[in-house]
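Data first, discussion second: the structure below is written as structure tokens.
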Amino acid sequence: MTDPFPSDPQAIVVEDVFPHAPSLLWKVLTTSALIGRWMMPPSGFAPVVGTRFTFQTKPAGRWDGTIVCEVLKVEENARLSYSWSGGHEDNDGYGSRLDTIVSITLAPVDNGTRVRLVHSGFVLPQNGLAYRNMGEGWKLVTQRLGAVIADEVDARAIH
């Protein structure tokens, strides 16, 4: 029988192709006001290695809901990686301690840009609930990303 909670850290991988240039996707992925429209509003974000920033979500137990991040890698129009840490060691399930990395890669393809999002480092079973919830959540986020991109395209057409 296969172990439903392997001990190796697990990753969520979401990919999609958008019919736009990498530079437009980069703008939507790295502009705080736009990030807030497709994910959560960041506080203190800048696409500069070493920048520390936060997201705020629903608190749980001894965790105040703050997700602490640090930009780890920036390759303009190609790659953005940041740490994603939150939770509290005293919490089980939602709000348990989480130390992960989000990496977003952009690659030009014939019909636009492939976006590959990898959220890695989930330790199971400790992070099982976060892994399942965020696995579904990142799919919704990429759908909202598409809507924000479309709004940006429409705004450019007006000006």
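Some points to look at:
- Under 22 Å of direct C-alpha separation, and excluding same-chain neighbours fewer than eight residues apart, residue 139 reaches these lysines: 27, 58.
- On Cα atoms only, tilt of 128-158 relative to the major axis of the chain in degrees: 10
- Highest mobility in the GNM of the chain, judged by mean-square fluctuation with C-alpha springs under 10 Å and restricted to 128, 146, 93, is found for 93.
- Mean Cα-pair separation over length for the chain, i.e. relative contact order, pairs under 8 Å, 6 or more apart, %: 27
- Loop-located chymotrypsin sites (Phe, Trp or Tyr not before Pro) in the stretch 5-108 whose Cβ has at most 16 other Cβ within 10 Å (DSSP): 94
- Alpha-carbon Debye profile of the chain, log10 I(q)/I(0) at 0.15, 0.18, 0.21 Å⁻¹: -0.83, -1.14, -1.44
- The loop-placed GluC sites (Glu not before Pro) in the stretch 1-82, going by DSSP, that have at most 16 neighbouring Cβ atoms within 10 Å of their Cβ come out as 76.
- Coupling constants for the stretch 59-73 follow from the phi torsions by the Karplus curve (6.51 cos²θ - 1.76 cosθ + 1.60, θ = phi - 60°), and in residue order they are x, 8, x, 8, 9, 7, x, 7, 9, 9, 10, 9, 5, 9, 8 Hz; glycine and proline get x.
- A DSSP coil position with no more than 11 other Cβ atoms inside 10 Å describes the following GluC sites (Glu not before Pro) in the stretch 84-159: 89.
- Euclidean distance of C-alpha centroids, the stretch 21-39 and the stretch 64-115, integer Å: 14
- What the Cα convex hull of the stretch 1-92 gives, in volume per residue, is 148 Å³.
Each value in this text was obtained by applying a stated rule to the coordinates, not by laboratory testing. Computed from a predicted model, the values in this text were never measured in an experiment. No Cβ is skipped: glycine too gets one built from the backbone with ideal geometry, and neighbour counts run over all protein chains shown.
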